[in-house]
1. What accessible area per residue, rounded to a whole number of Å², is obtained for region 196-266 using a probe radius of 1.4 Å?
2. Looking only at region 189-233, which residues have a backbone nitrogen under 14 Å from a spot 7 Å from the Cα of Y66 in the C-beta direction?
3. Of all the Cα-Cα pairs you can form in region 137-232, what percent are over 19 Å apart?
4. So what are the ³J(HN,Hα) numbers for region 178-192, from phi and the Karplus equation (6.51, -1.76, 1.60; θ = phi - 60°), rounded to whole Hz, Gly and Pro as x?
5. For the charge dipole of region 1-149, defined by +1 on Lys and Arg C-beta atoms and -1 on Asp and Glu C-beta atoms about the Cα centroid, which residue among Q135, G67, G28 has the Cα displaced farthest towards the positive pole?
6. What accessible area per residue, rounded to a whole number of Å², is obtained for region 45-151 using a probe radius of 1.4 Å?
7. Rounded to a whole number, what is D in µm²/s for region 34-82 from Stokes-Einstein with the Kirkwood radius over alpha-carbon pairs (25 °C, 0.890 mPa s)?
8. Which ³J(HN,Hα) values in Hz, rounded to whole numbers, follow from the phi angles of region 245-254 under the Karplus curve 6.51 cos²θ - 1.76 cosθ + 1.60, where θ = phi - 60° and Gly and Pro get x?
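The values are calculated or read from the model by the stated rules, or taken from the named source; none is laboratory data. Note that the structure is predicted; figures quoted are calculated from it, not measured. Ideal geometry is used to build each Cβ from the backbone, glycine not excepted, and the neighbour counts take in all protein chains shown. Just so you know, the surface numbers come from the protein's heavy atoms only, side chains and all, with ligands and any DNA or RNA stripped out. Shrake-Rupley method; radii C 1.70, N 1.55, O 1.52, S 1.80 Å.
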Amino acid sequence: ALSEDTLARALGVDVACGNFSYAEMSDGYDRILGVTGTLQSLGNQEKKVIRDRFRIRDQTLTPSIYGVSNVQFRTELDVHVEGDDALHHRKIREEIVQTLGAERSILVFFKDDAAIKAWRDAGYAEGLELEVVTQETDNIDHFVKQAARASKATLFSRIHGRGIDFVSHDKALEAKGGIHVVQTFLSEEYSEEVQIKGRTARQGKKGSFALVLNAKDLVHFDISEEEIDKARNAGTLYDLLHTKRNAFFAAEGEKREATVRTAKALHDLSFKYKQKLLEFRANMPRDKLNKASKDMVRLLLQIGRINPDPQDGEDPDDED
């Protein structure tokens, strides 16, 4: 049973007192420096944000000290679009079995943890020795080191496709072709695909990349089965996917800008509330205490009126 003291400490009401935007944090600094491995793959919308929002106008492209990447990605052979869930799941298994049979390592990136679960629940993991890394996994460094060894298969959610260094020191693996990376969904942003592809062939090593996609998921990008079949027959399947992806990303630009405007409005009000809270003193003169309290309540009400997830057409600037 809970003691009265424990209950007293646990009882309470959580009150949302604001939202802070990472995008606005940089305004507090005099200088902004950035390093990225995907500068050349950014879309026009992303470049515009960097130039206009963050006022970063000087850019330097530095070639890798390891030279041109050795990753093998043959767009006419290594892009697979399957017709339904079962075929998609089966093709993922085939990629794993084939790679392990060649005594290589394979990293399979899924859209999210739910997609990993769906694939495993469908029975396609049976008989395979797999490691699974989700957003809830602890000690990720251990799995990353193990994943870069010969005859290892590891499943990851997309969040692990950026910033994690899969370095192989296994000479036998290098001799067999290095780490094979499979991406099982089409990224909305090309830069994400570049990042995931970049988990292999690091530091001058060998490696390969493949896309294994579900035609059902490509409806999201306004890609029809007829377009897929036509492009497949013409050997231009990846060109179709990349063109449609870029068009989708550009069309979503206005929605993203509305979300950014909302985040900024919430951030500015939340910052004002934080300042008022820091200035608040219980021993203030009564008139100042009342004014400070009213100011904070007013700010909280303003924050509460802004929808943090605006729908099409909504804009925080339209708030009274």
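1. On the way: 3460 Å² over 71 residues.
Per-residue accessible area for region 196-266 comes out at 49 Å².
2. Within reach of a label on Y66, which here means backbone N under 14 Å from a point 7 Å along Cα→Cβ, region 189-233 contributes 195-209.
3. Values: 2173 of 4560 pairs.
Considering region 137-232, 48 percent of its Cα-Cα pairs are separated by more than 19 Å.
4. x, 7, 9, 10, 10, 9, 9, 8, 8, 6, 5, 10, 4, 4, 5
5. G67
6. Values: 6850 Å² over 107 residues.
Result: 64 Å² of accessible area for each residue.
7. D, rounded to a whole number, is 178 µm²/s.
8. Karplus-based 3J(HN,Hα) across region 245-254 equals 4, 5, 5, 4, 5, 5, 5, 7, x, 5 Hz.
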